[in-house]
Amino acid sequence: MFALVETFGCQQNVNDSQRIEGMLLEMGYALTDDREKADVIIFNTCAIRENAHTRVFGNLGALKHLKAKKPSLIIGICGCMAQQEHIAKRIKSKYRHVGLIFGTHALWKFPSLLLDAIEQNERVIDISENENIAEGLPVNYDGGARAFVSVMYGCNNFCSYCIVPYVRGRERSRLEEDILEEISSLAKTGVKEVMLLGQNVNSYGKDRGEKDAFALLLKKVCQIDGIERIRFMSSHPKDISEKLLQTMAEEEKICNQLHLPLQSGSSKVLLDMNRHYDRERYLSIVKKAKELMPDICLTTDIIVGFPTETEEDFEDTLSILREVEYDSLFSFIYSPRVGTKAAEWENASSEEEIDARFKRLLDLQNTISYKKNLRHEGKIEKVLVSGKSKTDSEMLSGRNYANKIVNFRGDESLTGKIIDVEITKAQTWILYGELV
Ligand code: SAH
Ligand code: SF4
Ligand code: F3S
């Protein structure tokens, strides 16, 4: 029997999918990439923007003929999109070939839900809420030298545009011992780099009343033999502490790379977004980070076209880009989400204005990214080799401390190793180098 899990959305979903695959393997399924061959197909979905929904609905539609050909096929949908009631309803009425719908809170129940769907021959739905953490689920790591480890689930922040708190529930931090145990066992299988995940890792432990717990957790992860590199995301600027920045600067293993989502450079828009920091506070964090780590690589998230954003507010965002000089950024056009506060607000700008702003933002950032990449030229940097390059089979590909892709010539046996590469040429999106 074959099963296929397709993932939409963020790293947290990738990590959840690895758990679903782990459970499928324990149930005796083999994994496949081939939809035609699969007996079970699960879509693990994302709700963050409308285009995430559209993609899933499109893909679900395409599965109809497979179900017609093979009536025993079980098609399931789970994750953030499935957790929303209006979506579950729509799937129930319009996508009759979907036999299993379960939300983010029911992940741990997956084996029994799947068995129900197989045996009952009727649709199984579980989008109930439950604020537990399920420890001990099997995880199907991909065998590479880099791994994602969730340290907490949920979010308490209710940024006015964001669906995540509604689909992921309140913040729950995993116990330190569980996290450390998971990372130690990963290290034994050859993992060298871990990315610690949470919607806001800076509030790790706060649900238990702990202070600075994330910085302390990082220090302990640094002590695990075999783990050479540690990254984390995301950091909410409202909760970032000086202690965390100091820990990053002190600890060799923590990469000097920080993803610090800005969203907007206008203090007025930030207030409307319910972000709990303003332009000045954000810039003071950046200043401190740069003082402590002169080589720091900074990345961010920007939303263009938030309902209350005017041309002047957008100019404020561009001016922060010029001032901070991010290495790269993720930019999104605002997408209203059902149930969030901002979805009720009228848009101050037209679609054309927003599209034009989006383009201006990308143009400016491309110039900055190129400039920032140039500073790597001529340096010898440690690169964790991921394998053959996806774009050029003659080359190997890896990542430097800044998480930037470095392509270079070398033998495939270097995969999974950390090696010295001299950076010889920078482009906007990629670095090229030579083995030292
Ligand atoms: N917890 C993380 C963000 C997770 S979502 C944080 O706060 O940093 C990733 C990014 O998606 C957000 O940073 C934001 O830029 C974007 N995003 C979230 N909701 C959105 C919406 N409704 N429209 C457009 N972009 C959105
Ligand atoms: Fe969404 Fe804000 Fe929570 Fe991030 S911090 S997940 S943007 S509500
Ligand atoms: Fe999407 Fe859910 Fe992640 S909404 S961005 S998959 S937490």
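Taking the range 256-277 as the range and being within 24 Å of the chain's Cα centre (by Cα) and free of Cβ contacts under 8 Å to residues at least 24 places away in the same chain as the test, only LEU270 passes. Looking across ARG35, ARG19, ARG49, one residue alone is within 16 Å of ligand 2 (Cβ to nearest atom) and basic (Lys, Arg). It is ARG49.
Entry remark, the range 113-152: residues being assigned to a strand (DSSP E or B) and either more than 16 Å from ligand 3 (Cβ to nearest atom) or modelled with pLDDT under 95 (or both) number 5 in total.
Scanning the range 10-42 for residues that are under 25 Å from HIS65 (Cα atoms), open to solvent by 20 Å² or more (accessible area, probe 1.4 Å) and outside any helix (DSSP H, G or I) yields TYR29, ALA30, LEU31, ASP33, ASP34, ARG35, GLU36, LYS37, ASP39. Quick one: would you say PHE330 is within 30 Å of VAL167 (Cα to Cα), assigned to a strand (DSSP E or B) and not charged (D, E, K, R)? The answer is yes for PHE330. Criterion applied to GLY103, GLY76, GLY61 was being touching a strand residue (DSSP E or B) at 6+ places or on another chain (Cβ under 6 Å) and open to solvent by less than 50 Å² (accessible area, probe 1.4 Å), and the one residue passing it is GLY76. Annotation note: of THR299, THR308, THR317, the sole residue that is in contact with a His (Cβ under 6 Å, 6 or more places away or on another chain) and under 25 Å from ASN157 (Cα atoms) is THR299. Count of the range 182-226 residues, restricted to those that are more than 22 Å from the chain's Cα centre (by Cα) and on the phi > 0 side of the Ramachandran plot, is 4.
Determine whether the range 127-149 contains at least one residue that is within 16 Å of ligand 1 (Cβ to nearest atom), under 19 Å from GLY22 (Cβ atoms), open to solvent by 50 Å² or more (accessible area, probe 1.4 Å) and not charged (D, E, K, R). Yes, the conditions are met somewhere in the range 127-149.
Kindly evaluate GLU210 against the criterion of being within 16 Å of ligand 3 (Cβ to nearest atom) and either assigned by TED's automatic domain parsing to the domain that holds SER386 or free of Cβ contacts under 8 Å to residues at least 40 places away in the same chain (or both). Answer is no for this residue. Inspect the range 343-356 for any residue being within 16 Å of ligand 2 (Cβ to nearest atom), open to solvent by 30 Å² or more (accessible area, probe 1.4 Å) and either without any contact (Cβ under 8 Å) to a residue 12 or more places away in the chain or not in a loop (DSSP other than H, G, I, E, B) (or both) and give the result as yes or no. Checking the range 343-356: at least one residue is within 16 Å of ligand 2 (Cβ to nearest atom), open to solvent by 30 Å² or more (accessible area, probe 1.4 Å) and either without any contact (Cβ under 8 Å) to a residue 12 or more places away in the chain or not in a loop (DSSP other than H, G, I, E, B) (or both).
For the range 175-202, the set of residues classified as part of a loop (DSSP other than H, G, I, E, B), buried (at least 21 other Cβ atoms within 10 Å of the Cβ) and away from ligand 1 (no atom under 16 Å from the Cβ) consists of VAL191 only. Within the range 71-86, residues that are closer than 24 Å to GLU36 by Cβ sit with their Cβ atoms under 6 Å from residues that are basic (Lys, Arg), at 6+ positions apart or across chains, in these pairs: LEU73/LYS67.
The set of residues from the range 157-174 being within 13 Å of ligand 3 (Cβ to nearest atom) and open to solvent by less than 10 Å² (accessible area, probe 1.4 Å) comprises ILE163, PRO165, VAL167, GLY169.
Among residues of the range 323-338 that are under 21 Å from ILE87 (Cβ atoms) and within 13 Å of ligand 2 (Cβ to nearest atom), those with a Cβ under 6 angstrom from a residue that is at pLDDT 95 or above and open to solvent by less than 50 Å² (accessible area, probe 1.4 Å), sequence gap 6+ or separate chain, pair up as PHE332/ILE303; TYR334/ILE303; TYR334/GLY305; TYR334/PHE306; ARG337/ILE163; ARG337/ALA343.
The values are calculated or read from the model by the stated rules, or taken from the named source; none is laboratory data. All figures in this text were calculated on a predicted structure; none of them were measured in a lab. No Cβ is skipped: glycine too gets one built from the backbone with ideal geometry, and neighbour counts run over all protein chains shown. We work out accessible area using only protein heavy atoms, side chains counted, and drop any ligands, DNA or RNA first. Shrake-Rupley method; radii C 1.70, N 1.55, O 1.52, S 1.80 Å.
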